[in-house]
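Engineer: I'd like to ask you about the structure that follows.
Each value in this text was obtained by applying a stated rule to the coordinates, not by laboratory testing. The shown structure was predicted, so the numbers you read here are calculated from the model rather than taken from an experiment. Here the Cβ positions follow ideal geometry from the backbone for every residue, glycine too, while neighbour counts run over all protein chains shown.
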Amino acid sequence: MRNQVLKISDIYIDDKRFLISYPLLSRKLMESIKKIGIINPPVLVRRNGNPIILCGWRRIECLKKMKIKKTLFKIFDKEDDLKAFAFSFFENVSERIFNPVEISNILNKFREFGLSDKNIIRKYLKFVDLIPNRNSFERYIRIGELPEKIKKSIAKGEFLVSNANLLMKFNHSSRLKLFTILKRFHLTASEQREVFEMIWEIMKRDEKSLDGIFSDLNLEEILKNINLKEKKKILRGRLKKLRYPIFSKKIDDFLKNLQFFTEGIRVHPSKYFESEKYRMEIEFKTWEELREKIKEVQLRIKDDR
Amino acid sequence: MSQTFKFEKIFVDEKVKDHEFTGIVLQKTKGIPVKIIKDAKKVVEDLALEDNSITRGKRFILLTEKKGGFLKPCPGTSEYLCCDYYVLNISENCVIDCTYCILQEYLMNPFITLFANWEDSFNEINGFLSEKKNDLIRLGTGELSDSLAIEDIFPVSEKILEFLKNRKNVIFEFKTKSENIKKFLNLEPINNAVFSFSLNTEKIAKEEELKAPEPLKRIEAASKLAEEGWRVGFHFDPIVHYKNWEIDYHRVIKLLFSKVEAEKIAWISLGTLRFNPKLKPIIEKRFPKSKIIYGELIKGEDGKLRYFRPLRVELYKKIYNFIKENIQKYSRDKKSIRKINIPVYLCMENEDVWEEVFKWTPANSSVLNNYILKLFR
């Protein structure tokens, strides 16, 4: 490897075969370059006579933004793309943590450079802190196919890889539509998971389109609600009714039976009605109040007979 | 050689290359390329890293050895009542490839794995049976594989039947979805062997049991065995809830009792669809047309997905009634003097469900085992 000062404009940036970084621009890195300059020079390789970037895409992007014309580069002489990329990978691995989109880029690049899935899993997954098995590989390999908006959210850590995988089940156009609309509900990660799963399963079971489900849910009406908590509650409630109609009816019937009790008397079924048993809770301050509530329960039981 | 299932290659673990049973299998699979391997574990790990490893694994046979541990209590499930069943794992994985098969998630090894030293299991069974000499044990090979589907290339059943002849305290079950029973029709039936068939509606068989013979064929196979004097059993498992399920299950039960001598039925089990949530993405990927995972499944007390209780009870009650009604009809038609009393039991269910369906609950798994075996006592 040799050092050489080159004009940034002389670098052939259209060749992105070794690009891993996502997103390209890093404000933090720019600040750091402003303060202390570039410690590790970017690495170039020559392909078809052109110098192309092997490592240091972000650094060069920052320099361009900072209108710096020239910088010191290292020139790597490897002809073989796979070997060059493996070098770039290890150079990066020692210096930073990859976000999930970058991991996806890495896996796809290794594939493009001819490495078998098996070898990628065996040799490289552990270096990106993934368990070296097929499941981990499959969780990440397709992340790169997602729309930019979603990838940005994943890279920032706002959107989980597991939920991105649920979104991958939907067709291309539905992914962004679903992501964008549900963003307006500010769902937590576990709520997102639940909602994606329910929508997907209703679509599959009832052979419905995403728009058809949105229309069944009357989404626009829910979104008019100002209270965020209420919005989420209505959305999940309506989805549950569509996804689990028999179970939801059972709950509705159960609740209907209880609506006559005054406040402070609650009946709890077992989780998902798995047991026949119910549990009753009575809140009271005085013995007199307890007597009244027990009387009410007795009357109710009598009525039910 | 099996007509239905085609294998691409046979991997033979170096340790068993000279084993007598390896020779038998290779003789029966002539024409299929064979590869001797030094490290079976590595070959298994290699395949597991490939895309579609489960599908690919069904095209390969792995002949290897098992170092003991053939006999195990049925894994069952926590929090639900089990039936004190024992499983004999002499092979692993199944060629039939049903969409709902739990082996897809349960086994780490995707190969159709045959243990060349399977006869070592007889020592284990002997030891176990002498320990439990006062009990009547139910034992079977149909847990981690289908008992008869590849009998043509892995001919174990005759030897098992021979082994069973002088053993009084074991009832052995060959559990299958195949109709591979021809050779047993020429054998002398023995009392402590049961050939049991997993049954489902035509719709479920067609859509979810892709490589299995249609239910009618399974019923006819059972009928032939019963006619020859063998005891047969039936497992309605997994029972699937869908539109018109009642009509379809009623139809298959009617068909069963119209073809099979009810006196020869050792037991009937019922179990609704249930599976570990980890199986869901596997089914979605391998069988995108399957819709059974989109039923009203909740997470049960054991963490498995199953229909919520009122739905399960409805399924069980109706199907149990169809069975009772058909037994009565059978008795009337045959003018049977003796009351036909077939034990019907639930697989992996909780006490509340038992109580609701049958109006009684076995106190524990041993009581349940005794109930299932009442015809054998």
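Engineer: B:Arg286 to A:Lys295: FRET efficiency via 1/(1 + (r/R0)^6), r the Cβ-Cβ distance, R0 60 Å, to the nearest 0.05?
Structural biologist: On the way: r = 59 Å, r/R0 = 0.99.
Using R0 = 60 Å, I get an efficiency of 0.50.
Engineer: Here's another thing I want to ask about it. Let me know the longest stretch in chain A that avoids all GluC sites (Glu not before Pro) found in a DSSP loop with at most 11 other C-beta atoms within 10 Å. Write down the numbers at each step before the final one.
Structural biologist: Numbers: sites that count: A:Glu79, A:Glu95, A:Glu158, A:Glu207, A:Glu263, A:Glu283.
The reported range is A:1-78.
Engineer: Based on DSSP H runs of at least 4 residues, each adding -39500 (n - 2.57), what is the mean residue ellipticity at 222 nm of chain B after dividing by all its residues, to the nearest 500 deg cm²/dmol?
Structural biologist: So the helix-based figure for chain B works out to -10000 deg cm²/dmol.
Engineer: State whether the stretch A:262-305 is rounded, prolate or oblate according to the following rule on the C-alpha gyration tensor (a ≥ b ≥ c being the square roots of its eigenvalues): a/c under 1.5 gives rounded; otherwise a/b larger than b/c gives prolate, and the remaining case gives oblate. Before the final figure, lay out each step's value.
Structural biologist: Numbers: a/c = 3.31, a/b = 1.56, b/c = 2.12.
Cα axes put the stretch A:262-305 in the oblate bin.
Engineer: Another question about this same structure. Towards the positive end of the charge dipole of chain B, with charges on Cβ (+1 Lys, Arg; -1 Asp, Glu), say which of B:Asn321, B:Val240, B:Phe172 has the farthest Cα.
Structural biologist: Sorting the options by dipole projection puts first B:Asn321.
Engineer: Please work out whether the stretch A:3-132 counts as rounded, prolate or oblate from its C-alpha gyration tensor, where a ≥ b ≥ c are the square roots of the eigenvalues and a/c under 1.5 means rounded, while otherwise a/b larger than b/c means prolate and anything else oblate?
Structural biologist: oblate
Engineer: Counting Lys +1, Arg +1, Asp -1, Glu -1, what net charge surrounds B:Cys83 among other residues with beta carbon under 14 Å of its beta carbon?
Structural biologist: Summing Lys/Arg as +1 and Asp/Glu as -1 gives -4.
Engineer: Apply 1/(1 + (r/R0)^6) to the Cβ-Cβ distance of B:Asp333 and B:Glu227, taking R0 = 22 Å, and write down the FRET efficiency to the nearest 0.05. Display every interim value, and only then the final one.
Structural biologist: Working: r = 17 Å, r/R0 = 0.76.
For R0 = 22 Å, the calculated efficiency reads 0.85.
Engineer: Ignoring everything except DSSP H segments at least 4 long, calculate the 222 nm mean residue ellipticity for chain A; use -39,500 (n - 2.57) per segment, divide by total residues, nearest 500. Before the final figure, lay out each step's value.
Structural biologist: Details: 15 runs with 168 residues, N = 305.
That comes out to -17000 deg cm²/dmol.
Engineer: Residues with beta-carbon under 12 Å from that of B:Leu255, excluding B:Leu255: net charge, scoring Lys, Arg +1 and Asp, Glu -1? Before the final figure, lay out the partial values.
Structural biologist: On the way: positive: B:Lys217, B:Arg218, B:Arg251, B:Lys254, B:Lys259; negative: B:Glu202, B:Glu214, B:Glu220, B:Asp248.
With Lys, Arg at +1 and Asp, Glu at -1, the net is +1.
Engineer: When a/c reaches 1.5 or more, the comparison of a/b and b/c decides; with that in mind, is the protein assembly as shown rounded, prolate or oblate per its Cα gyration tensor? Let's see the in-between values first.
Structural biologist: Values: a/c = 2.69, a/b = 1.37, b/c = 1.97.
Because a/c hits 1.5 or more and a/b fails to exceed b/c, the protein assembly as shown counts as oblate.
Engineer: Of B:Arg312, A:Arg27, how do they rank once you tally other Cβ atoms within 10 Å and put the fewest first?
Structural biologist: Values: B:Arg312 26, A:Arg27 9.
Fewest-to-most ranking of B:Arg312, A:Arg27: A:Arg27, B:Arg312.
Engineer: Report the paramagnetic label zone for A:Glu31: residues of the stretch A:80-102 whose backbone N is under 20 Å from a point 7 Å from Cα along the Cα-to-Cβ axis.
Structural biologist: Answer for the stretch A:80-102: A:96-99.
Engineer: Any idea how far apart B:Val34 and A:Ile39 come out in nm if each label point goes 7 Å out from Cα toward Cβ?
Structural biologist: Reported label-point gap for B:Val34 and A:Ile39 is 6.2 nm.
Engineer: Next up: Only counting other Cβ atoms within 10 Å, I'd like B:Ile61, A:Ile39 sorted with the fewest neighbours first. All intermediate terms of the calculation are to be shown ahead of the outcome.
Structural biologist: Working: B:Ile61 29, A:Ile39 8.
Least to most surrounded, the residues fall as A:Ile39, B:Ile61.
Engineer: What chymotrypsin sites (Phe, Trp or Tyr not before Pro) does the stretch A:140-225 have in DSSP loop regions with at most 15 other beta carbons within 10 Å?
Structural biologist: Values: sites: A:Tyr140, A:Phe159, A:Phe170, A:Phe179, A:Phe185, A:Phe196, A:Trp200, A:Phe214; in loops: A:Phe159, A:Phe170, A:Phe185.
Passing sites in the stretch A:140-225 do not exist.
Engineer: A further question on this structure: Would you be so kind as to identify which of A:Met66, A:Leu54, A:Val5 lies farthest towards the positive end of the dipole of the stretch A:1-88, taking Lys and Arg as +1 and Asp and Glu as -1 on Cβ and the Cα centre as origin?
Structural biologist: Toward the positive end, the furthest listed residue is A:Met66.
Engineer: Order of B:Thr22, B:Thr176, B:Thr55 from fewest to most other C-beta atoms within 10 Å? Display every interim value, and only then the final one.
Structural biologist: Values: B:Thr22 22, B:Thr176 28, B:Thr55 14.
Final ranking by Cβ density, sparse to dense: B:Thr55, B:Thr22, B:Thr176.
Engineer: Where does the charge balance sit around B:Asn117 when Lys and Arg score +1, Asp and Glu -1, over other residues with C-beta under 15 Å from its C-beta? Working shown, then result.
Structural biologist: Working: positive: B:Lys15, B:Lys17, B:Lys66, B:Lys67, B:Lys159; negative: B:Asp13, B:Glu14, B:Asp18, B:Glu20, B:Glu65, B:Glu92, B:Glu119, B:Asp120, B:Glu124.
So the environment of B:Asn117 carries a net charge of -4.
Engineer: Counting other Cβ atoms within 10 Å, which trypsin sites (Lys or Arg not before Pro) in the stretch A:81-136 have at most 14 and lie in a DSSP loop? Don't skip to the answer; put the middle values down first.
Structural biologist: Numbers: sites: A:Lys83, A:Arg96, A:Lys109, A:Arg111, A:Lys118, A:Arg122, A:Lys123, A:Lys126, A:Arg134; in loops: A:Arg96.
When the trypsin sites (Lys or Arg not before Pro) of the stretch A:81-136 are filtered for loop state and at most 14 Cβ neighbours within 10 Å, A:Arg96 remain.
Engineer: Name all residues of the stretch B:14-42 having a backbone nitrogen under 13 Å from the label point set 7 Å from the Cα of B:Glu65 along its Cα→Cβ direction, giving them as ranges.
Structural biologist: Counting backbone N atoms under 13 Å from the label point, the list is B:14-22, B:40.
Engineer: With respect to the cross-link table entries A:Lys151/B:Lys291; A:Lys204/B:Lys243; B:Lys41/B:Lys66; B:Lys182/B:Lys259; A:Lys183/A:Lys271; B:Lys66/B:Lys177, which display a Cα-Cα separation exceeding 20 Å? Walk me through the numbers before you get to the answer.
Structural biologist: Values: A:Lys151/B:Lys291 30 Å; A:Lys204/B:Lys243 16 Å; B:Lys41/B:Lys66 12 Å; B:Lys182/B:Lys259 17 Å; A:Lys183/A:Lys271 30 Å; B:Lys66/B:Lys177 25 Å.
Table pairs above 20 Å Cα-Cα are A:Lys151/B:Lys291; A:Lys183/A:Lys271; B:Lys66/B:Lys177.
Engineer: Would you calculate the separation in nanometres between label points at A:Lys7 and B:Asn276, each defined as 7 Å from the Cα along the Cα-to-beta-carbon direction?
Structural biologist: With each label placed 7 Å out from Cα toward Cβ, I get 6.3 nm.
Engineer: P(r) for the stretch A:1-65, please, calculated from all Cα pair distances in 5 Å bins and given in %.
Structural biologist: 3, 17, 30, 25, 17, 6, 1, 0
Engineer: May I pose another question? Enumerate the calculated ³J(HN,Hα) couplings along the stretch B:235-241 in order (Karplus 6.51 cos²θ - 1.76 cosθ + 1.60, θ = phi - 60°), each rounded to whole Hz, writing x wherever the residue is Gly or Pro.
Structural biologist: For the stretch B:235-241, the Karplus-derived couplings read 10, 8, 7, x, 6, 10, 8 Hz, x marking Gly and Pro.
Engineer: Compute the orientation-averaged projected area for chain B from the convex hull of its Cα atoms and round it to one decimal in nm². Can you show the working numbers first?
Structural biologist: On the way: hull surface 72.4 nm².
Projected over every direction and averaged, the Cα hull of chain B covers 18.1 nm².
Engineer: Take B:Glu124 and B:Asp51, extend 7 Å from each Cα along the Cα→Cβ direction, and tell me the distance between the two endpoints in nm.
Structural biologist: 3.7 nm
Engineer: Please list, by residue number, every one of the chymotrypsin sites (Phe, Trp or Tyr not before Pro) in the stretch B:302-374 that is coil in DSSP and has at most 14 other beta-carbon atoms within 10 Å.
Structural biologist: Numbers: sites: B:Tyr307, B:Phe308, B:Tyr316, B:Tyr320, B:Phe322, B:Tyr330, B:Tyr345, B:Trp354, B:Phe358, B:Trp360, B:Tyr371; in loops: B:Phe308, B:Trp360.
Taking the stretch B:302-374 and a limit of 14 other Cβ atoms within 10 Å, the loop chymotrypsin sites (Phe, Trp or Tyr not before Pro) found are B:Trp360.
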